[in-house]
Amino acid sequence: MTEENIKRYTLAELREMKDRGDFYHNPDAPEGPDLPDSFWENAVAVDPQGKTSVHLKLDADVFFFFKRQGKGHITRMQDVLRAYMKAHQNPDGSLLTPKEKPNRKAG
C-alpha cells in the first residue's frame, strides 16, 4: 500500500458512511482455497502473549534518532529490541547461557 492509497476518516465520518450503506459485505463471496495437508503438518500453534506497558527512560539522542524517522518510532524501537532478544536465544528459543551479573549495591 502506498500513502496515496491510504485514506483517513474520523469516527463520525465512519459512522456516517455506515449509515449511508457505503460499506459493502457480500455474504455469498466464495471462500478461499482449501489448504493441503502438508500445510497443517508443518503448522505451529502460537499462544499470543499480548503487550506489556512499561515506563522506559532513554537517552535523548537514542529516542530522537528513532523519532526523527517519523511515525512508527515506537514500533521500530520494539523491532530493534526483538532483534537483540533473538540474537541472544538458542535455536529452540531458550536463552543463551547468561554471563554472571555483577553484584549491585543496594541503596
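Here, each number is a calculation from the coordinates, and none is a lab measurement. Computed from a predicted model, the values in this text were never measured in an experiment. Every residue, glycine as well, gets a Cβ built from its backbone with ideal geometry; the counts of neighbours run over all protein chains shown.
Things to note:
- Matching residues in segment 51-73 - criterion: being loosely packed, with under 10 Cβ neighbours inside 10 Å and in a helix (DSSP H, G or I): 60, 61
- Yes/no for residue 16 being farther than 30 Å from residue 93 by Cβ, surrounded by 10 or more Cβ atoms within 10 Å (Cβ to Cβ) and among the acidic types (Asp, Glu): yes
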